[in-house]
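We did not get these values from a lab; they are worked out from the coordinates using the rules stated. Keep in mind the model is a prediction, meaning the values are calculated, not measured. Positions of Cβ are generated from backbone atoms using ideal geometry, with glycine treated the same way; all protein chains shown enter the neighbour counts.
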Amino acid sequence: MAQQKVISGKVKDSHSEEVVPFASVFFKNTSIGKLTDSSGYFSFHINEWPGDTLIITCVGYQPFLYVIDKTRDTLLVNVQF
């Protein structure tokens, strides 16, 4: 049985250090994604990496791209727009 993959993190504004709630987090070229919660937190628990790049977007910010290290099973991503 394969180990489950986990990617989680928090999205913050780089200038104010305030969390960015309800930012869109999705895997590039897939329909797999979700919004950050009211604390700017997100988490995916999946069987296989669906893509090699995670894209984080929010109105008023430039998109943030995070390249996934597919050799790892657990990733912690701290995004600062």
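Please give, to one decimal in nm, the separation of the simple spin-label points placed at Gln80 and Tyr41, each 7 Å out from Cα toward the Cβ.
With each label placed 7 Å out from Cα toward Cβ, I get 2.1 nm.
As an exercise, use a Förster radius of 35 Å and the Cβ-Cβ distance of Thr71 and Ser16 to find the FRET efficiency, rounded to the nearest 0.05. The partial results should precede the final answer.
On the way: r = 35 Å, r/R0 = 0.99.
E(calc), rounded to 0.05, equals 0.50.
Using only Cα atoms, what Kirkwood radius does the chain have, in angstroms? Mind dumping the intermediate values first?
Values: mean 1/r = 0.0779 Å⁻¹.
Hydrodynamic radius (Kirkwood, Cα only) of the chain equals 12.8 Å.
Less than 19 Å apart at the alpha-carbon level, and either on another chain or at least 8 residues along: which lysines does that give for Lys70?
Lys5, Lys28
Packing-wise, with mean Cβ within 10 Å as the measure, how do 3-12, 39-48 rank, highest first?
Numbers: 3-12: 16.7, 39-48: 13.9.
Averaged packing, sorted descending, gives the order 3-12, 39-48.
Please list 58-65, 18-25 highest first by mean number of surrounding beta-carbon atoms within 10 Å per residue. Write down the numbers at each step before the final one.
Details: 58-65: 12.0, 18-25: 16.8.
In descending order of packing, they fall as 18-25, 58-65.
Provide the gained length on full extension for the span Gln4 to Lys34, in nm with one decimal, where the gain is 0.36 nm per separating residue minus the Cα-Cα distance.
Working: separation 30, 0.36 × 30 = 10.80 nm, distance 1.82 nm.
Using 0.36 nm per residue and subtracting the Cα-Cα distance, I get 9.0 nm.
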